[in-house]
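Here's the structure, in structure tokens; my notes come after.
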Ligand SMILES: Cc1cc2nc3c(=O)[nH]c(=O)nc-3n(C[C@H](O)[C@H](O)[C@H](O)COP(=O)(O)OP(=O)(O)OC[C@H]3O[C@@H](n4cnc5c(N)ncnc54)[C@H](O)[C@@H]3O)c2cc1C
């Protein structure tokens, strides 16, 4: 690979990394897993002056559930850490279902959850998952930390709400009310492909009653599609096939797919509807083993 | 006591591949691994647009960059008569564009610099002023009355047509259609795809002015043809050209042609007097080098009520891109498309083929097949499937009725080929048994109750492998024979060289096995070398499954010549006359007393130390082999799929492949070839194609858009064998490297179409992506042509 010329720094602290970004005035880029940035460097779609490699900053490679039940994912937690985590498998079904569908096993060893969310690829799996889960990001800039709610984070294709001198240091998923349920389904052409259409569903449930519901979509719009409003029709209701049909239709209508070589917009809506239904039907209490 | 042939790694031994020792240790030696002192690096600037007139090229900013040694333009090539080069199909192709660019990715300039970073940076500094012309991206546009002419460089060129070509008996075929009870018709497109070897193309040219010698390292499946081309085109003396194909990271037909990058690197080395390395990147490989397929078919079959095929008509239109650069025997314009229907006993057939230029990459290489045989067999098996359905006849039964029978060989096909052997019905039976054909209807019924659609597909074919015989097959006049040279050292070890070139086929392993079979020298005592034209005998290289049929036969013949000499030495050592000598594997003995004998190794020692009076010392020989015919392997593939009707996603439930490739030299390698070929077949059927938007942008310029299946989604394959030895090959072997890619796609497509036939669906063009299957399923209509592409993505 022969990218354009760039300067490379590998700071040891978040503060030093922030200082480099600040000095770069918009021409510096963070390198996390490199699974999106490096291909763009290779194709010379990206040509930053300065690369700030955060891989040598200690203490960012965690994911943990706090005592209050909230899930915290550090900036260097890799896709595969989530894929292979017994705790995630037990307590966070949406992430557990999505993790093995992100990219391919090789990419998952390096790519980071937070980096993927920051990259804001309309076809990316984690931004959709985070929106469905109602998560937020903790970010740090020259003036200290702030949090950004996921619903305000993705601004457009590859555009997020970070300032050029801010680093996302942690993703936070709030504690579920009741039991966390949900799932993730993705239509891809082969392993390692981005989504033709994918659906993230996150529910908090008490028995068969829905206490909170979130749904988001990838691959079917110019940016990640937030269908949490459509999903909220489930809240306060028991999960039944009829309410599921209504919500699935509403979510499919919310999608903004375009016709391309992966399929017509109608086809992609059909996939969204089918996937929403399949995930929700599998959560109906008597179907959960 | 005769040796145990399996123990010495002879015929039939599933010997581990010797080349893997270095490959799995990362010790392969590919072109890009070679570093020469003072070597410079070349980068090619490619056209971003599909069709444009070049108004001006300004290279001054590139020349000004430190580290840049040379910037070449089409004009500079033209001054040396090198702006255009001949193709393998008697056309010309641009080396660096002078007048126009004719496809996206075409070579426009080359920068030679101290390192590849500088070369790439300098390319970005070149300013080319293009006057955009309307692009032509398919044959329909190319044939339009008012279409702009792409090849305005060629005197006498009319419109955008490359050729009209026909074969077969038109009058007799027309009559068969008049007499038919039923005529079955289909239209389809075999989409453009790309062989896409993992290693891209590249070369290092090292011209030494002091000695006048050009050493040329190149990713070529046919190094001797490259030497001939350089000698004839660049007019360098042939003895001063050494072409070396080191380890090759896959070829699949993509590395047969001579590419502009090779030619430019040679000129650059001559001008700079330094070695010049050019290594293509993945995008360059995908958008500019030899593609496969891109053929449209109108097929018709004349049928009798009882299922007998009376005649076949095929009408093909092929898209050749900007230059007619198909790699194929020169006298056949659309390759061996007319090998279609070779396994069926059909009285008459006629084919009409037309080729067009378009603003797409040139190439039309035989992507893992003998020159368009993949298209031929795919069309054949799709036509057969449709015909059986139209007749309301069982798919297996329809084939059985029309197969050439075991005792009908040799058989002259309706298009004129001569097939010589096979047990088609037996292969069909083995496959039907393995897939549980007779229980399928019940299975399908039960699946429908679960809301799933099941389908079964069959693909059977024999194909012509191993070009050629020199009467019919030549490339630019050079006959398609091959060669082997075997030298047995005094300790009974040996070195073997052939004119072929392995790129993953395992020649280093299997050729030694053939020698072991012929001479009883253990395979591990034989080293195999290929790819260096200074040392290897002249041969036409490896493609079209020709290595075992042609070079492999030459190996046998060279070994037999060596054995004949060793027999004379044995007679001398045993002090009997040659007529009294018998041979068993590895040993000559006296007929009347089998205890008295000498081993081949003892004969080898004597060849250097104790030869009979008047005999030349040494034990070596060379064979040039011109096969009497092609070899005709047979494949019977069965595929069972399940479709999810809510998404159109289909899964392969079972795939059975019965292959008859004659005698198997190394069964493990044969199985590997079949597995690999089936994976490529699955790719084409399911996901892989190269398409262009209306502006001529190539969609498929990297591995995120041009899809290769991984082990993850590739289904499992069950392999079975039937053995009908090739009657004319010295060890009875037939080609096999391509059977699976050729026969495979139709099995998948026939299965999916079968699952939807109750809805009235007769055809879905590849790739059968879920959205296309869903469309067919919900509309009950055929899905035709490439998937639509939106530009500006
Ligand atoms: C072959 C392949 C297939 C893939 N398939 C999929 C897929 O199916 N689904 C999917 O979702 N993704 C896929 N990806 C992308 C992959 O998931 C990436 O890992 C992910 O998008 C980016 O994470 P990263 O850590 O690699 O980020 P990087 O590539 O290092 O960075 C990506 C961008 O985010 C910025 N960034 C990174 N970390 C931070 C941070 N902490 N704070 C602020 N900005 C930051 C970078 O500056 C850069 O602009 C694929 C990638 C490849 C190579």
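The values are calculated or read from the model by the stated rules, or taken from the named source; none is laboratory data. Everything numeric here is computed off the predicted structure, so don't read it as measured data. Neighbour counts run over all protein chains shown; Cβ positions are idealised from the backbone, glycine included.
The residue of the range B:674-702 that is surrounded by the fewest Cβ atoms within 10 Å (Cβ to Cβ), among those that are part of a loop (DSSP other than H, G, I, E, B) and in contact with a helix residue (DSSP H, G or I) (Cβ under 7 Å, 6 or more places away or on another chain), is B:702. Selection within the range A:105-147: residues that are within 14 Å of chain B (Cβ to nearest Cβ) and under 20 Å from residue A:61 (Cα atoms). The member of this set that is surrounded by the fewest Cβ atoms within 10 Å (Cβ to Cβ) is A:106.
Table: residues versus (1) under 20 Å from the mean Cα position of the chain (by Cα); (2) within 14 Å of chain B (Cβ to nearest Cβ); (3) under 28 Å from residue B:773 (Cβ atoms); (4) touching a residue at least 60 places away in the same chain (Cβ under 8 Å).
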{"position": "A:201", "(1), (2), (3), (4)": "yes, no, yes, yes"}
{"position": "A:218", "(1), (2), (3), (4)": "yes, no, yes, yes"}
{"position": "A:225", "(1), (2), (3), (4)": "yes, no, yes, yes"}
{"position": "A:241", "(1), (2), (3), (4)": "no, no, yes, no"}
{"position": "A:272", "(1), (2), (3), (4)": "yes, yes, yes, yes"}
{"position": "A:275", "(1), (2), (3), (4)": "yes, yes, yes, yes"}
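Counting the residues of the range A:29-44 that are near the ligand (Cβ under 6 Å from one of its atoms), surrounded by 16 or more Cβ atoms within 10 Å (Cβ to Cβ) and within 13 Å of chain B (Cβ to nearest Cβ) gives 2.
Any residue in the range B:163-180 that's under 18 Å from residue B:416 (Cβ atoms): show its pairings with residues that are assigned to a helix (DSSP H, G or I) at Cβ separation under 8 Å, as long as the two are six or more apart or on different chains. Filtered contacts from the range B:163-180: B:167/B:338; B:168/B:338. All conditions but one from (1) at pLDDT below 95; (2) touching a helix residue (DSSP H, G or I) at 6+ places or on another chain (Cβ under 7 Å) apply to residue B:460; the one that does not is (1). Summed over the range B:492-505, the residues that are out of contact with any helix residue (DSSP H, G or I) (no Cβ under 7 Å at 6 or more places or on another chain) and either under 22 Å from residue B:663 (Cβ atoms) or surrounded by fewer than 22 Cβ atoms within 10 Å (Cβ to Cβ) (or both) give a count of 2.
For residue A:222, only one of the following conditions fails: (1) touching a strand residue (DSSP E or B) at 6+ places or on another chain (Cβ under 6 Å); (2) away from the ligand (no atom under 14 Å from the Cβ). What is its number? With respect to (1) touching a strand residue (DSSP E or B) at 6+ places or on another chain (Cβ under 6 Å); (2) away from the ligand (no atom under 14 Å from the Cβ), residue A:222 is out only on (1). Taking residues in the range A:146-167 that are over 28 Å from residue A:12 (Cα atoms), and partners anywhere that are exposed (fewer than 13 other Cβ atoms within 10 Å of the Cβ), the pairs with Cβ atoms closer than 6 Å and at least 6 places apart or on different chains are A:157/A:222. Under the condition of being surrounded by fewer than 22 Cβ atoms within 10 Å (Cβ to Cβ) and in contact with a helix residue (DSSP H, G or I) (Cβ under 6 Å, 6 or more places away or on another chain), the residues counted in the range A:256-272 number 3. Residues in the range A:19-28 that are in a helix (DSSP H, G or I) and more than 10 Å from the ligand (Cβ to nearest atom): A:19, A:20, A:22, A:23, A:24. Among the residues making up the range A:124-148, those that are part of a strand (DSSP E or B) and within 10 Å of the ligand (Cβ to nearest atom) are A:137, A:139, A:140.
Within the range A:51-65, restricting attention to residues that are over 20 Å from the mean Cα position of the chain (by Cα) and away from the ligand (no atom under 11 Å from the Cβ), the residue that is surrounded by the fewest Cβ atoms within 10 Å (Cβ to Cβ) is A:58. Could you look through the range A:252-267, keep only residues that are over 18 Å from residue A:229 (Cβ atoms) and more than 8 Å from chain B (Cβ to nearest Cβ), and pick out the one that is nearest to the chain's Cα centre (by Cα)? Looking at the filtered set, the residue picked out is A:257. Against the test of being within 14 Å of chain B (Cβ to nearest Cβ) and within 16 Å of the ligand (Cβ to nearest atom), the options A:245, A:193 yield a single qualifying residue, A:193. Of all positions in the range A:5-25, at least one carries a residue that is over 30 Å from residue A:217 (Cβ atoms), within 14 Å of another protein chain (Cβ to nearest Cβ) and touching a strand residue (DSSP E or B) at 6+ places or on another chain (Cβ under 8 Å). The helices (runs of 4 or more DSSP H) falling completely within the range A:67-123 that include 2 or more residues that are within 12 Å of the ligand (Cβ to nearest atom) map to A:79-83, A:105-110, A:113-119. For the range A:150-172, filtered to residues that are over 15 Å from the mean Cα position of the chain (by Cα) and crowded, with 22+ Cβ neighbours inside 10 Å, the residue that is farthest from the ligand (Cβ to nearest atom) is A:166.
The sole residue among B:508, B:524 that is surrounded by fewer than 24 Cβ atoms within 10 Å (Cβ to Cβ) and under 20 Å from the mean Cα position of the chain (by Cα) is B:508.
If we keep just the residues of the range A:173-190 that are assigned to a strand (DSSP E or B) and within 12 Å of another protein chain (Cβ to nearest Cβ), which is surrounded by the fewest Cβ atoms within 10 Å (Cβ to Cβ)? Explain how you work it out, then say what you get.
First, pick out the residues of the range A:173-190 that are assigned to a strand (DSSP E or B): A:173, A:179-187.
Imposing the further condition that a residue be within 12 Å of another protein chain (Cβ to nearest Cβ) reduces the set to A:185-187.
Numbers: A:185: 22, A:186: 24, A:187: 24.
So, considering only residues that are assigned to a strand (DSSP E or B) and within 12 Å of another protein chain (Cβ to nearest Cβ), the one surrounded by the fewest Cβ atoms within 10 Å (Cβ to Cβ) is A:185.
I'd like to know if the range B:751-772 contains one or more residues that are within 13 Å of another protein chain (Cβ to nearest Cβ), assigned to a helix (DSSP H, G or I) and over 26 Å from residue A:106 (Cβ atoms). Yes: one or more hits.
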